[in-house]
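As C-alpha cells, the structure follows; a few thoughts come after it.
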Amino acid sequence: MYLVLKSFFPWLLLRNPSFDLHFENEDLQLTTLLDDDNLISEVQYQNNKILDYIKEDHMIELIKYITEMPEDDSNSKRAYRYPFYSSTLLCFVGSQRPQNFIENDKQFLYKLLNFFSQDQDVNQVLAGFVINVLQKIQEELIVQECFKNPQVIQGMIRQLQSRSVSDFLIYLLKIQTIEYQNEKNNLLQNILKRLDDSTNFEISSNISYIIQEMIKEIDYLNQYIDIIFGEFISKVCQTTLHQINYISLSSCTILFNLLQFLKNIDKNEQQLQDNIIMIDTNIVISRIEPYCADWIEYILNQKSTIFGQQKLKLLEIIGVGVSLKNQLFINRLYQCNIFKVYNQLFITYEQHDILHFQYCNLISQIIENEIDILIKNLFEENQFIQLLIQCTNKVDNQEKQRKGQLGFITQLGIFIEEKAEKYQYLQQYLQNELWQQFKTQYFEKAQKISNFELGQDGIDELFLLKNIQMDNQNKEINRNLNQEII
C-alpha cells in the first residue's frame, strides 16, 4: 500500500519535518504521539523512530486502548481517537517487529487473543481493531498460537456475532497448511453447530457469510467438502423452517448458495477436472428433497399479506434445484403438485414483482430443460392457460387498476411460443382454443406495441392511439404531395 501511495499519490505522504522533533524530548508521552495528526502518514512512511520509541509500557497502554472501553464517554479522545490511532501503531509494530508481541512469554499477544474469551459480547469496533492487529503479525505465529490453544478458538467462536471475528475465522480456515487440517476441520464444525443459536441474530448471518466466502475459491473448499456437503446439509434443511425468522432466512441463504455452487461447477466440467472436486450431487439432493413437501406446505398455508424474504428464498431454492435436473428432486416436486402452489401465489400477490420473477424463472427452467413431467403438472393438472386468461381479463373499475403480472405474462408468452417450435411435448398444449383465446384477448396486442408494463386498458388505449397517429401521418403525407403537385 505504501508503495502504491508513494508512486501515484505522493502528496498524501508529504512528511511534516516537525514530527521527528517529538523524539528529542526525553519526557515524550505516548498520548503526545496519538494526538499528532501526522502519526498516520508517518506510519505509512514507515518511520523507524516510532518503532524505536515503543517500549513495553507503551505496548501495554496501546493494547489497553483497543481492548478496554473507557468508563465514561466524557473524554472523546479516549473513546474514539486513541483506539483508532493505537490500532494503527500496533499494526505497524506487528508488521515490522512482531517479536515485540512474543517477548516475555507472549504476554502482549495473549492480551489480544484473550480479548475474545470474555463472557459478554465484545465491542464490535474494538474487535475490529484487535483483529486488524492480529492479521499484521507473522502468520505462522498467529496460526500456531490459535490452533495449539483451544481456549483461544473457543473464545473466537463464542464471539461469532462479530463480523470482524468471522473474517478472522475465515482467515484461519483458508491457511494452506496440512499440519493443522484436523484443527481447521474442528473449527469449521464448531462454527456450523451454532447455526440455530438464537442468542444473537448476527450469528446465523455470519455463518452464512463464512460459507459464502469458503465456496468462492475451490482450492479452499476442497478441504471442507465432506463437512459442508455432508450431514450439515440436513441441519440446514431442518432450520429453513425455524420458528425464528432470521435463523430460517440465513439457513435458506446457505442452502441456496450451496445449490448455486453445484449448478455452477456442473456447467464448468473443466473446473471439475482441474480441481478434482469430489461432490456427489445425487447424495446432496437426496438429503434435500425430503424437505420439499414441508416447504411447499408451509408456503401454501402461509396467511400473511406480506410474502417475505424467507419464502422467496425457498422459491429460489426450488428453482435452482430444478436447474440441476436431478430426477429425484423433480419427482418430489411433481408429487407435491408444485404448480398448484405457484399458481395460487401468482394470483394472490398481484403486485409482487420478485415473486412473479421466480414464477417465470421456474417455468423457463422446466421448458429450457424439457422436463415433461412438470410441463404436464403446469399445463394439464393446474390449467396454466386458463390462469393466463384469468389474469389478462380487463379490470373495469373507477381507478382503471392494472394487473401487476401482465408484464411477466407477456414475457412468458413470447418465451413459450419461441421454445415450442423445437419442443414437441410443449406444442400439444398450444394447439387448442384456449391458447388462441389468450393470444386474441391479450398476447397479440401486447406483442404489437412491445409494452410489458401497462395493464390491459392501457394496451387497448395505446393500440388505438397508434392507429390514429398512423392515419394522421398518412393524411399529412398525402396533403404535402398534393401541394407539391399544385
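The values are calculated or read from the model by the stated rules, or taken from the named source; none is laboratory data. Note that the structure is a prediction, hence the values are computed from the model and not measured. Don't worry about glycine lacking a Cβ; one is built from the backbone with ideal geometry, like all the others, and counts go over all protein chains shown.
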(message) Condition (residue is closer than 21 Å to G404 by Cβ and either surrounded by 10 or more Cβ atoms within 10 Å (Cβ to Cβ) or at pLDDT below 75 (or both)) applied to the range 462-473: is it met by at least one residue?
(response) yes
(request) Name the residue, out of I102, I131, I157, that is more than 26 Å from K193 (Cα to Cα) and in contact (Cβ under 8 Å) with a residue 12 or more places away in the chain. (result) I102
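This table checks each residue for (1) in a helix (DSSP H, G or I); (2) surrounded by 21 or more Cβ atoms within 10 Å (Cβ to Cβ); (3) within 27 Å of the chain's Cα centre (by Cα); (4) modelled with pLDDT under 90.
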{"residue": "V93", "(1), (2), (3), (4)": "yes, yes, no, no"}
{"residue": "F101", "(1), (2), (3), (4)": "yes, yes, no, no"}
{"residue": "L109", "(1), (2), (3), (4)": "yes, yes, no, no"}
{"residue": "E140", "(1), (2), (3), (4)": "yes, no, no, yes"}
{"residue": "I153", "(1), (2), (3), (4)": "yes, yes, yes, no"}
{"residue": "F168", "(1), (2), (3), (4)": "yes, yes, yes, no"}
{"residue": "E179", "(1), (2), (3), (4)": "no, no, no, yes"}
(message) Among (1) modelled with pLDDT under 65; (2) within 29 Å of I354 (Cα to Cα), there is one condition A420 misses while meeting the rest; what is its number?
(response) (1)
(message) Quick check on the range 327-338. Is at least one of its residues farther than 20 Å from Q260 by Cβ and either surrounded by 21 or more Cβ atoms within 10 Å (Cβ to Cβ) or touching a Cys at 6+ places or on another chain (Cβ under 9 Å) (or both)?
(response) yes
(request) Scan the range 72-91 for residues that are part of a helix (DSSP H, G or I), without any contact (Cβ under 8 Å) to a residue 24 or more places away in the chain and either of a type outside the set (F, W, Y) or farther than 15 Å from D37 by Cα (or both) and jot them down. (result) S76, R78, A79
(request) Kindly indicate whether any position in the range 205-222 is more than 27 Å from M278 (Cβ to Cβ), part of a helix (DSSP H, G or I), more than 13 Å from the chain's Cα centre (by Cα) and of a type outside the set (A, V, I, L, M, F, W, C). (result) no
(message) Take the residues in the range 339-356 that are loosely packed, with under 15 Cβ neighbours inside 10 Å and not charged (D, E, K, R); name whichever of them is nearest to T281 (Cα to Cα).
(response) I354
(request) Filter the range 111-122 down to residues that are crowded, with 17+ Cβ neighbours inside 10 Å and either free of Cβ contacts under 8 Å to residues at least 40 places away in the same chain or not aromatic (F, W, Y) (or both) and give me whichever is farthest from C91 (Cα to Cα). (result) V122
(request) State which residue pairs qualify: first residue on the phi < 0 side of the Ramachandran plot and inside the range 210-227, second residue in a loop (DSSP other than H, G, I, E, B) and surrounded by fewer than 17 Cβ atoms within 10 Å (Cβ to Cβ) in any location, beta carbons under 6 Å apart, and separation of 6 or more residues or different chains. (result) Y220/K174
(request) Working only within the range 155-166, note down all residues that are within 15 Å of N114 (Cα to Cα), part of a helix (DSSP H, G or I) and touching a Phe, Trp or Tyr at 6+ places or on another chain (Cβ under 8 Å). (result) G155, M156, R158, V165
(request) Kindly provide the set of residues from the range 323-341 that are within 25 Å of the chain's Cα centre (by Cα) and at pLDDT 95 or above, ordered by number. (result) F329
(request) Take the range 62-81 and flag every residue that is of a type in the set (S, T, Y) and closer than 23 Å to Q120 by Cα. (result) Y65, T67, Y80
(request) Could you list all residues from the range 181-204 that are part of a helix (DSSP H, G or I), free of Cβ contacts under 8 Å to residues at least 12 places away in the same chain and of a type in the set (K, R)? (result) none
(message) For the range 279-318, which positions are aromatic (F, W, Y) and either in contact with a Lys or Arg (Cβ under 6 Å, 6 or more places away or on another chain) or within 16 Å of F256 (Cα to Cα) (or both)?
(response) Y291, W295
(request) Go through the residues of the range 193-206 one by one and say whether even a single one is β-branched (V, I, T), surrounded by 15 or more Cβ atoms within 10 Å (Cβ to Cβ) and touching a helix residue (DSSP H, G or I) at 6+ places or on another chain (Cβ under 7 Å). (result) no
(message) So if I check each of I233, I228, which one is within 26 Å of Y171 (Cα to Cα) and touching a Lys or Arg at 6+ places or on another chain (Cβ under 6 Å)?
(response) I233
